[in-house]
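S.K.: First the structure, which I've put down as C-alpha cells, then a few questions once you've had a look.
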C-alpha cells in the first residue's frame, strides 16, 4: 500500500528537482463550466506531464543494484517520458516498449531523453508482454508504489493551497493519479469528493472500480493518456471506499474540452489533461455551482490533436 507518510517522503525526495506547478482559476472557464474551477497545471512539468513526479521518486528510492541493471517499462507516452527523464537524471539505462502505433512525437521525446525505444505490438498488452522478456528492472506504470507516492505530491500542492474544494476531478488511465488524490484528500481534505474520469471508449479502470475487481475492456479511445485496457490492482485497491464517483465521457466531449482549455484558460492540454473539464461539463448534476479542482495532467498533445483545436 501507499501511505500519506510515503507522500511526504516523496515530496522531500523530489523537491529540489521540481518546483510547485501553477494553480489558477479562470473566469471565462468558470462561466462555461458552470462551476468555480481551479486548474492544476501539470502540463508545466519538464516532461509536460504529472508523471515525472513519480519517476523521480522511484529513482530516488531505487537501490544501487537495481539502478545498475537499468529499467524496463512500457507506455504510450507520458509514463515513458517520466521514467526516461528520471533515468537520465540519475544516469541509469532505460528501455521503453511502446505499441507500434504510439505517437511519433512521444517516441521521439523519449529517445531525446536518452532512453531506448522499442516499438512492438498493436497495443499496450502486447507491449507489456514483450517488456517482461527484456533484461532490466521492470517498472509497472500502475502497480509501482513509488510512482503513486510521487504523483501524490501534486495533490499536496493543491490541498495545502485550498482545502475547501467540493470536488477534485482526476483523469484516469492506469489510475495512479486518482489513487494519489484519494490518499491526500483523505488526510487533508476529507470533505472533498475525489472523482475519476475516463474515456467511455476505454473504460477498464471505471469498470474495475464499479465491479470491485480488475477487469479487461476494449481500448478504442484516441486519447493516448487514457488508453489502458485493464485495471491495475494497486490503484484499484487504494480507490475502494475512497473514490466518491467515476464519470465516463466520450472522446468528442474530451476534444471539446481541449478547445475550451485553449481558448478560455490559455492552456494547451493533451486529451487526458482536458478530461477533468469534460466531466465537469458533462455532469452538471455533480458539479454545477460547486468549487472544483481539475488537473491538467499533461500538455503533450500530438499533432492531430493540436490541429483539431481549430475544429
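Throughout, read-outs are computed from the coordinates displayed, never taken from laboratory work. Here the structure is a predicted model, which means the values were calculated and not measured. All Cβ positions, even for glycine, are placed from backbone atoms using ideal geometry, and neighbour counts span all protein chains on display.
S.K.: Suppose R0 equals 25 Å. What FRET efficiency, 1/(1 + (r/R0)^6) with r the Cβ-Cβ distance, do residue 25 and residue 310 give to the nearest 0.05?
M.R.: The pair residue 25/residue 310 has a calculated efficiency of 0.45.
S.K.: Taking a point 7 angstrom from the Cα of residue 220 along the C-beta vector, which residues in the stretch 249-277 have backbone N less than 16 Å away?
M.R.: 249-253
S.K.: Let me ask another. As a check on your grasp of the helix formula, calculate [θ] at 222 nm for the chain: sum -39500 (n - 2.57) over DSSP H runs of n ≥ 4, divide by the residue count, round to the nearest 500.
M.R.: Value at 222 nm, helices only: -13000 deg cm²/dmol.
S.K.: Determine the gain in length on full extension of the stretch residue 135-residue 15; use 0.36 nm per residue of separation and subtract their C-alpha separation, reporting nm with one decimal.
M.R.: 40.1 nm
S.K.: Still on this structure, I have one more. Using the number of other C-beta atoms within 10 angstrom as an exposure proxy, rank 51, 106 with the fewest first.
M.R.: Ordered by Cβ neighbours within 10 Å, fewest first: 106, 51.
S.K.: Highest mean first, what order results for 125-136, 187-198 on Cβ atoms within 10 Å?
M.R.: 187-198, 125-136
S.K.: If only Cα atoms are counted, what is the Rg of the stretch 52-142, and what is its Dmax, in Å?
M.R.: 11.7, 34
S.K.: Another question, then. When the Kirkwood radius is taken over all Cα pairs of the chain, what Stokes-Einstein diffusion coefficient follows at 25 °C and 0.890 mPa s, in µm²/s?
M.R.: Estimated via Stokes-Einstein, D reaches 130 µm²/s.
S.K.: Does anyone have the angle between helix 176-188 and the longest principal axis of the chain? Alpha-carbon axes, 0 to 90°, nearest 10?
M.R.: Relative to the chain, helix 176-188 is tipped by roughly 60 degrees.
S.K.: What ranking do 165, 4 get, fewest neighbouring Cβ atoms within 10 angstrom at the top?
M.R.: Ranking 165, 4 by Cβ neighbours within 10 Å, fewest first, gives 4, 165.
S.K.: Arrange the following residues from fewest to most other Cβ atoms within 10 Å of their Cβ: 264, 38, 79.
M.R.: So the ranking, lowest neighbour count to highest, is 264, 38, 79.
S.K.: Remind me, relative contact order of the stretch 52-142 in percent, using alpha carbon pairs under 8 angstrom and six or more residues apart?
M.R.: That works out to 34 percent.
S.K.: Also, quick follow-up: Please state the relative contact order of the chain as a whole percent: Cα pairs under 8 Å, 6+ residues apart?
M.R.: It rounds to 22 percent for the chain.
S.K.: Same structure again: Based on the Cβ-Cβ distance of residue 5 and residue 240, what FRET efficiency does E = 1/(1 + (r/R0)^6) give at R0 = 30 Å, to the nearest 0.05?
M.R.: 0.90
S.K.: Which angle from 0 to 90°, rounded to the nearest 10, does the C-alpha axis of helix 78-90 make with the longest principal axis of the chain?
M.R.: 50
S.K.: On to the next question. Calculate the length of the line joining the C-alpha centroid of the stretch 185-231 to that of the stretch 1-69, in whole Å.
M.R.: Here the two parts' Cα centres lie 19 Å apart.
S.K.: With axes computed from alpha carbons, what is the tilt in degrees of helix 4-14 against the longest principal axis of the chain, rounded to the nearest 10 within 0 to 90?
M.R.: Around 70 degrees separate the two axes.
S.K.: If you don't mind, there's one more thing I want to ask. Between residue 285 and residue 68, what is the spin-label point distance in nm, taking each point 7 Å from the Cα along the Cα→C-beta axis?
M.R.: Result: 5.9 nm between the two label points.
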